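Notes follow once the structure below has been shown.
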Amino acid sequence: MRVYQYGKILKVIGVICALILLFFSVAILFLSNNDAKSSINIYYFTIPFSIIFLPLSILGIRDVLISKVIIAENSITSITAISSRKLRIEEIQGFKRGRNYIHVHPKKRVFKKKLKFSIFFKNVDEILVWLSKNSNDLDAIEEENEIDDFYRNSEYGFSNAEKEGKLKSAKKVAKIINITSVLITISTIFFKEYKMISAWVLIAIPIIIICIVFYFKGLIKFADKEEDEVTIYPSIFWGFSAPIFLVFLIILLGIDIYEFKNLWIPLTLVSISIFILCILASKAYIIKTKKAYGKLTYLLLISFAYGHLLIVFFNVNLDNEAYVSYKTLVLEKDMSKGKTTSYYLNLTIPELNKINERFNVSSSVFDNVKVNDSVFFLLKEGYFNIPYYNIKTNE
């Protein structure tokens, strides 16, 4: 019988990281509860964070200290912080090696759960040798089946050499897309004086990527491969996600929508259209495993993020109408601290039927006004009739 677990150094590192996470989970909750000036919005972040990561950090410490794999002559046992599972040789269907874990799958008729343990255990190669001798390498089987399907598909060419050439080109293009898109996204952060040009470039990148994915007829995928997944097809996950995430975040934090009722219908239509284009381009509609549903979920979420930024961006930048200005007094000032700091002014605008209503403002406006100071509430209708506002200290 052999026992495998984390080495001493990894145990120390793991415990330290878990303790740091535990400290921050407690500290964030404590600070938010004692900040009388905090907006209630801060609790939407701090409470879920603490509820999730407080027990996770405790389990993490326990897991690092007690997790182990025990290999006997005819069985393998995995012990973790919350469970202990054992499979006999005749019950094992096979194993998969992921980026961080080894997964040992039971046969379906056994009705047992799979074993999962860290790939960073000391002498983990010995476990892999034992599994190779006594079960099937499911990664190799899946990869072989995927290769067979690829060669049988005449859509990529008629000869194997032609198909291999297209797959090689797809991998090369996907790599270029990921590197170029991420570098452009990062570089735009430092060129604030060209922010409008940068916005147009970042918005155009996903459209160009969708066209490229269409060109390669499904050889390039949008979603990244999962932890225990083996695939011959390349992914443009980072190249597609990076510009969308950055522009979505900038618009979410920088543009204040006055009313959302006219946003939902165009957002739904545009997002579903983008989602359909993505699944058609990458052939994500072909469902072979349960993992495909997770990838469809990613595509749906990223499509809604892209749809949101498109609608709001064009609603603002195609709107040539003048602002309607309302002069009013600052009744209260407030701020909320969380992952980001939000600033608010309470205003009364009789013309809009707003009485002591709280509005989001920039930090510069917040710092430059006091209670009872005059400010100008600037309201625009928006190109798609989605009104948005801006608050300034002068017109």
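Residues checked against (1) assigned to a helix (DSSP H, G or I); (2) touching a residue at least 12 places away in the same chain (Cβ under 8 Å); (3) over 26 Å from Ile179 (Cβ atoms):
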position: Val201; (1), (2), (3): yes, yes, no
position: Lys217; (1), (2), (3): no, yes, no
position: Val270; (1), (2), (3): yes, yes, yes
position: Ile274; (1), (2), (3): yes, yes, no
Any residue in the stretch 313-337 that is closer than 25 Å to Gly382 by Cα sitting within a Cβ distance under 6 Å of a residue that is assigned to a strand (DSSP E or B) and charged (D, E, K, R)? List the pairs, counting only those 6 or more apart or interchain. Asp319/Lys380; Tyr323/Lys380
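Looking only at residues that are among the β-branched types (Val, Ile, Thr) and farther than 16 Å from Phe313 by Cα in the stretch 193-211, which one is surrounded by the most Cβ atoms within 10 Å (Cβ to Cβ)? Please lay out each step first, then the result.
Let us first name the residues in the stretch 193-211 that are among the β-branched types (Val, Ile, Thr), namely 197, 201, 203, 205, 207-210.
Now restrict to residues that are farther than 16 Å from Phe313 by Cα: 208-210.
Working: Ile208: 12, Ile209: 23, Ile210: 20.
Checked the stretch 193-211; the qualifying residue surrounded by the most Cβ atoms within 10 Å (Cβ to Cβ) is Ile209.
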Return the total of residues in the stretch 218-233 being modelled with pLDDT of 90 or more and farther than 30 Å from Phe314 by Cα. 2
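Please specify each residue of the stretch 147-168 satisfying the condition of being closer than 28 Å to Ile92 by Cα and surrounded by 15 or more Cβ atoms within 10 Å (Cβ to Cβ). Walk me through how you get there before you give the answer.
Going residue by residue through the stretch 147-168, those that are closer than 28 Å to Ile92 by Cα are 147-149.
Of everything in the stretch 147-168, nothing turns out to be closer than 28 Å to Ile92 by Cα and surrounded by 15 or more Cβ atoms within 10 Å (Cβ to Cβ).
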Using beta carbons and a limit of 8 Å, which pairs, at least six apart or on different chains, have the first residue in the stretch 289-301 and hydrophobic (A, V, I, L, M, F, W, C) and the second one modelled with pLDDT under 80 and not in a helix (DSSP H, G or I)? Ala292/Ala284; Ala292/Ile286; Leu296/Ala284; Leu299/Ala284
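The values are calculated or read from the model by the stated rules, or taken from the named source; none is laboratory data. Just so you know, these numbers come straight off a predicted model, no measurement behind them. Every residue, glycine as well, gets a Cβ built from its backbone with ideal geometry; the counts of neighbours run over all protein chains shown.
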